[in-house]
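The values are calculated or read from the model by the stated rules, or taken from the named source; none is laboratory data. Owing to the predicted nature of the structure, the values given are computational and were not obtained by experimental measurement. Glycine also receives a Cβ, built like all others from the backbone with ideal geometry; neighbour counts cover every protein chain displayed. What goes into the accessible areas is simple: the full protein's heavy atoms, side chains included, and nothing from ligands, DNA or RNA. Shrake-Rupley method; radii C 1.70, N 1.55, O 1.52, S 1.80 Å.
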Amino acid sequence: MTYVVTDACIKCKYMDCVEVCPVDCFYEGDNMLVINPSECIDCGVCEPECPAEAILPDTESGLEKWLELNNTFSATWPNVTRKNDQTPADADEHKGEEGKFDKYFSPEPGQGD
């Protein structure tokens with residue numbers, strides 16, 4: 001099992017999860033984070049820290065797309081190990097918004113550490 005970041009993170013990217021991860025398995029894109037499924041130790045401490053409720057265990061149904069996306073982009077985006085100032089100013093306005101992947105997803109990398 002691993003945890004995955006879903007589209008609920010897009011345009012929110014609060015980064016509270018990064019602060020608590022004991023193995024630094026988060027990677028930063030332009031407007032979202034992903035988890036490297038090979039590095040995740042399934043501890044679950046990140047899930048309750050996410051204000052956008054974007055982190056879910058891959059045992060929930062329908063997350064295959066997100067597992068693949070997390071795996072793909074964690075291989076190319078920079079590692080992020082601490083909360084930085086990359087949370088968008090309008091993050092709260094996008095929290096809970098539907099269809100964010102189709103509207104806003106960017107494959108561009110973030111800054112990382």
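Worth pointing out:
- Count of the range 11-59 residues, restricted to those that are more than 17 Å from PHE73 (Cβ to Cβ), among the aliphatic types (A, V, I, L, M) and touching a Gly at 6+ places or on another chain (Cβ under 9 Å), is 1.
- Those residues of the range 1-56 which are hydroxyl-bearing (Ser, Thr, Tyr), under 12 Å from the mean Cα position of the chain (by Cα) and open to solvent by 20 Å² or more (accessible area, probe 1.4 Å), in sequence order: TYR3, TYR14, TYR27
- Members of the range 78-94 that are assigned to a loop (DSSP other than H, G, I, E, B) and among the small types (Gly, Ala, Ser): ALA89
- Candidate set from the range 58-75 (those that are of a type in the set (Ser, Thr, Tyr) and modelled with pLDDT of 95 or more); member that is least open to solvent (accessible area, probe 1.4 Å): SER74
- Among the criteria (1) out of contact with any helix residue (DSSP H, G or I) (no Cβ under 8 Å at 6 or more places or on another chain); (2) more than 26 Å from ASP24 (Cβ to Cβ), the one GLY96 does not fulfil is (1).
- Of the residues in the range 97-107, none is of a type in the set (A, V, I, L, M, F, W, C) and surrounded by 21 or more Cβ atoms within 10 Å (Cβ to Cβ).
- First in the range 70-92 and touching a residue at least 12 places away in the same chain (Cβ under 8 Å), second anywhere and of a type in the set (Phe, Trp, Tyr) and not in a loop (DSSP other than H, G, I, E, B), Cβ under 6 Å, 6 or more apart: SER74/TYR27; TRP77/TYR27; ASN79/TYR27; VAL80/PHE26
- Against the conditions (1) part of a strand (DSSP E or B); (2) on the phi > 0 side of the Ramachandran plot; (3) not basic (Lys, Arg), ASP42 satisfies every one except (1).
- Output for the range 57-93, where each listed residue is polar (S, T, N, Q) and closer than 17 Å to PHE26 by Cα: ASN70, ASN71, THR72, SER74, THR76, ASN79, THR81, ASN84, GLN86, THR87
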